[in-house]
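This report refers to the structure that appears directly beneath it.
The values are calculated or read from the model by the stated rules, or taken from the named source; none is laboratory data. This is a predicted model, so every value here is computed, not measured. Every residue, glycine as well, gets a Cβ built from its backbone with ideal geometry; the counts of neighbours run over all protein chains shown.
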Amino acid sequence: MTRSTLVLHRWALVLVAVVGVATACEQPPPTAPTRGFDSVRATPTPTSTPIPILIPSPTPVPEGPLVQFLGAVSDEDGMPLIGASVQIEYQVANGQHQWKEVRTIEGGRYSAHLPARANAQLYSQPNALAVVYSYHTGYDWNVQIVNGNASENEVEFRLNRPRLIEAGGSFTVPVDRQTSLCTDLEWNYNFKARCADFSLSAKTSGTVTIEVLSVSPGGVVPNIQVYAGSYLEAPGTISFPVTAGKGPSWIRIEVPVTAGAQQYQVVTSIK
């Protein structure tokens with residue numbers, strides 16, 4: 001390449017560069033990024049389509065006509081208990097087991113409207129509408145069962161404080177429709193009798209005798225159950241050995257539901 005040719009070549013490169021710079025200066029400035037678009041070419045940017053997550057809806061529980069459960073909870077002296085728990089177990093139309101808890105308000109009253117199915121089987125008890133039980137701090141549980149198909153069902157509860165007596169003492173106890181059934185809903189499923197429980201302690205060792213005497217006209221002789229290291233039971237009167245300081249014995253007075261309201265005098269002695 002000659003010198004003149006080289007000079008011409010250099011001027012050609014300079015001219016190309018100048019043209020390129022001028023062309024670049026004429027381009028519009030880049031635009032700011034735009035949501036959903038390419039920031040330079042301003043063309044739509046493909047976005048991913050979210051895939052919906054299908055969450056199965058819970059199977060609706062079929063409900064039948066509402067049944068009302070109402071009543072009051074009181075202590076052994078007849079004083080209303082406010083804030084006591086009342087729990088209701090029942091079945092709905094398709095046989096599903098349901099549970100509802102309410103608390104007593106002023107006057108110890110409670111009420112609940114529930115879609116309870118008649119003729120259900122609860123705790124192996126046929127033809128049941130509901131099992132209703134109540135509890136309050138410092139008191140024993142009280143369990144009742146409701147049969148039939150009434151639209152309104154009144155269930156009254158009398159809650160008792162745990163009773164401890166000394167051998168040689170006595171007291172009076174009612175057994176009626178407000179007295180708990182004997183079931184504990186865990187191990188004992190006796191819905192055919194009502195039970196009044198107490199504990200007995202002895203300051204000296206010996207043999208304790210318990211007599212449960214009816215003071216009601218045409219009174220029913222109750223069954224007495226005792227657990228004092230071993231299990232014993234007998235109708236009306238029972239005797240068993242005790243050891244001083246060994247701890248209280250558990251005693252239960254059991255009366256058939258069919259007996260109706262009863263009143264008993266419980267007399268204990270020790271020799």
Notebook entry, point to check: With respect to the numbered conditions (1) crowded, with 17+ Cβ neighbours inside 10 Å; (2) in contact with a Gly (Cβ under 6 Å, 6 or more places away or on another chain); (3) not aliphatic (A, V, I, L, M), which one is the sole condition not fulfilled by LYS271?
Noted result: (1)
Notebook entry, point to check: Just one of GLU211, GLU233 is closer than 16 Å to THR172 by Cβ and over 30 Å from the mean Cα position of the chain (by Cα); which is it?
Noted result: GLU211
Item checked: For PHE198: the one exception among (1) surrounded by fewer than 20 Cβ atoms within 10 Å (Cβ to Cβ); (2) under 24 Å from LYS246 (Cα atoms); (3) aromatic (Phe, Trp, Tyr) -> (1)
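Residue-wise test of (1) surrounded by 13 or more Cβ atoms within 10 Å (Cβ to Cβ); (2) over 15 Å from CYS182 (Cβ atoms).
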residue	(1), (2)
SER216	yes, yes
GLY219	yes, yes
VAL226	yes, no
GLY245	no, yes
ILE251	yes, no
Item checked: Close pairs (6 angstrom Cβ cut-off, 6 or more residues apart or separate chains): farther than 19 Å from LYS246 by Cα in segment 222-235, surrounded by fewer than 18 Cβ atoms within 10 Å (Cβ to Cβ) and of a type in the set (A, V, I, L, M) anywhere -> ILE224/ALA234; PRO235/VAL221
Check: Of all residues in segment 77-98, how many are surrounded by fewer than 12 Cβ atoms within 10 Å (Cβ to Cβ) and within 20 Å of GLY148 (Cβ to Cβ)?
Finding: 2
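Every residue, every condition in (1) among the hydroxyl-bearing types (Ser, Thr, Tyr); (2) under 30 Å from PRO65 (Cα atoms); (3) surrounded by 13 or more Cβ atoms within 10 Å (Cβ to Cβ), yes or no:
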position	(1), (2), (3)
TYR133	yes, yes, yes
ASP140	no, no, yes
ASN149	no, yes, yes
PHE157	no, yes, yes
PRO162	no, no, no
ALA167	no, no, yes
THR172	yes, no, no
THR183	yes, yes, yes
PHE191	no, yes, yes
Note to self: Please pick out the residue among ASN119, ASN149, ASN188 that is without any contact (Cβ under 8 Å) to a residue 12 or more places away in the chain and more than 21 Å from ARG103 (Cα to Cα).
What the structure shows: ASN188
Item checked: Qualifying position, being among the β-branched types (Val, Ile, Thr) and more than 30 Å from GLN265 (Cβ to Cβ), among ILE145, ILE105, ILE165 -> ILE105
Notebook entry, point to check: Using beta carbons and a limit of 7 Å, which pairs, at least six apart or on different chains, have the first residue in segment 80-109 and assigned to a helix (DSSP H, G or I) and the second one among the hydroxyl-bearing types (Ser, Thr, Tyr)?
Noted result: GLY108/SER74
Checklist line | Pick from segment 173-192, criterion touching a Ser or Thr at 6+ places or on another chain (Cβ under 9 Å) and of a type in the set (A, V, I, L, M, F, W, C), ranking: nearest to LEU159 (Cα to Cα) | finding: VAL173
Item checked: Set THR183, THR243: member being touching a residue at least 24 places away in the same chain (Cβ under 8 Å), over 26 Å from GLY78 (Cβ atoms) and not assigned by TED's automatic domain parsing to the domain that holds PRO80 -> THR243
